[in-house]
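Below: the structure, in structure tokens.
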Amino acid sequence: MKVRKAIFPVAGLGTRFLPATKSSPKEMLPLIDKPLVQYVVEEAVAAGIEQIIFVTGRTKRSIEDHFDSSPELESHLEEKGKDKTLQAVRDIADMVDIFYVRQKKALGLGHAILCARDFIGNEPFAVLLGDDIIDGSVPCLRQLLDLYEHYRGSVLALEQVPMEQISSYGCVAVNRITDRIMEITDMVEKPKREEAPSDMAIIGRYVLTPAIFQILEKQEPGRGGEIQLTDAIKRLSADEAVYGCLFEGVRHDCGDKLGFLKATVDLALKRDEFKQEFGDYLREKMCCL
Ligand code: UTP
């Protein structure tokens, strides 16, 4: 069955970005001129996703407004003859069918996914986390979907990270099938460095089979007192094969302040309008270090 639907869990509290995220969502922080969440929605659409459900919480209403039409703004831009900007604003609202459900309490990523169960039904689906911005020639989710279509099992995006950072991630043990493709044999959420089974971390893109919902329904809180998606996928892997994909592309961890700064610099240096002047500015700054 084709993967048509994607879940965007955006109900987390975004504590690492406080106070910026006190009353507005982390997912709306702009990387240059686009909110984080728009980059990720564009990736999902480019990968062939037809319907998206946001799992939202309090303070997340501006995400809904962003993907809605905006008649006053549109007529203002039309009057001023700003056709290019007008088109960009209209394109956002027309990009894809979007639905919303509320997670009333931030009980964990696993619980957030369970909140979208009725919308997904008995179909395989994708999950995309708005923190991870992935820049690559083939959308990361498309790479995962290609594997799903081949193996017909759940697929997780993996990245090799320095061992001193592994305790910030879900970590996997694997049997390698090729350099980039593996079958996952074990998973641990945020392990201590000495207990990590590998240097491979789970990144915020997943394709999951609907069997995950029965497991999530009974999943007890795990690390941090949260209902962890990683724990549920580990149990899923006892019943059916779960695969990992070392994707091609550059990932920016925009849920973290340093990662966000690096992403801003990287993307700015790729934009024709900034490349020269911003590059000169950075070189000047480097000389003073
Ligand atoms: P994070 O662990 O990054 O948490 O959640 P967070 O709240 O977004 O940010 P920090 O760590 O406090 O700064 C990973 C993803 O899971 C979603 C988040 O919105 C984020 O996309 N999430 C997490 C939920 O939707 N609900 C939850 O209960 C927890």
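Could you check segment 49-85 and list, in sequence order, the residues that are touching a Pro at 6+ places or on another chain (Cβ under 7 Å) and among the charged types (D, E, K, R)?
Matches in segment 49-85: K60 only.
Any idea which residue in segment 122-138 is surrounded by the most Cβ atoms within 10 Å (Cβ to Cβ), counting only those that are of a type in the set (G, A, S) and within 16 Å of the ligand (Cβ to nearest atom)?
G130
If you take the residues of segment 20-56 that are surrounded by 15 or more Cβ atoms within 10 Å (Cβ to Cβ), outside any helix (DSSP H, G or I) and β-branched (V, I, T), which of them is modelled with the lowest pLDDT?
Once the filter is applied, the top-ranked residue is T21.
Go through segment 72-100 and report how many residues are touching a helix residue (DSSP H, G or I) at 6+ places or on another chain (Cβ under 8 Å), part of a helix (DSSP H, G or I) and among the hydroxyl-bearing types (S, T, Y).
The number of residues fulfilling the criteria is 1.
Hey, can you tell me all the residues within segment 14-34 that are out of contact with any Pro (no Cβ under 6 Å at 6 or more places or on another chain) and either away from the ligand (no atom under 11 Å from the Cβ) or of a type in the set (A, V, I, L, M) (or both)?
So in segment 14-34, the residues out of contact with any Pro (no Cβ under 6 Å at 6 or more places or on another chain) come out as 14-27, 29-34.
L18, P19, A20, K22, S23, S24, L29, P30, L31, I32, D33, K34 - these are the residues of segment 14-34 that are out of contact with any Pro (no Cβ under 6 Å at 6 or more places or on another chain) and either away from the ligand (no atom under 11 Å from the Cβ) or of a type in the set (A, V, I, L, M) (or both).
If you go through segment 232-284 one residue at a time, how many are surrounded by 16 or more Cβ atoms within 10 Å (Cβ to Cβ), touching a strand residue (DSSP E or B) at 6+ places or on another chain (Cβ under 9 Å) and basic (K, R)?
2
So which residues in segment 158-216 are acidic (D, E) and not in a loop (DSSP other than H, G, I, E, B)?
Across segment 158-216, the qualifying residues are E159, E164, E183, D186, E189, E194, E195.
Of everything in segment 159-182, what is buried (at least 16 other Cβ atoms within 10 Å of the Cβ), in contact (Cβ under 8 Å) with a residue 60 or more places away in the chain and in contact with a Ser or Thr (Cβ under 9 Å, 6 or more places away or on another chain)? Give them in sequence order.
G170, V172, V174
Spot the failing condition for H150; the list is (1) outside any helix (DSSP H, G or I); (2) free of Cβ contacts under 8 Å to residues at least 12 places away in the same chain; (3) closer than 22 Å to V45 by Cα, and only one is missed.
Every condition holds for H150 apart from (1).
Tally time: how many residues in segment 66-115 are touching a residue at least 12 places away in the same chain (Cβ under 8 Å), more than 10 Å from the ligand (Cβ to nearest atom) and of a type in the set (A, V, I, L, M, F, W, C)?
Residues flagged as touching a residue at least 12 places away in the same chain (Cβ under 8 Å), more than 10 Å from the ligand (Cβ to nearest atom) and of a type in the set (A, V, I, L, M, F, W, C) within segment 66-115 amount to 13.
Is segment 2-13 home to any residue that is at pLDDT below 95, more than 9 Å from the ligand (Cβ to nearest atom) and under 19 Å from P139 (Cα atoms)?
Scanning segment 2-13, I find at least one residue that is at pLDDT below 95, more than 9 Å from the ligand (Cβ to nearest atom) and under 19 Å from P139 (Cα atoms), so the answer is yes.
The values are calculated or read from the model by the stated rules, or taken from the named source; none is laboratory data. The structure displayed is predicted, hence computed values, not measured ones. We place every Cβ from the backbone using ideal geometry, glycine too, and count neighbours over all the protein chains shown.
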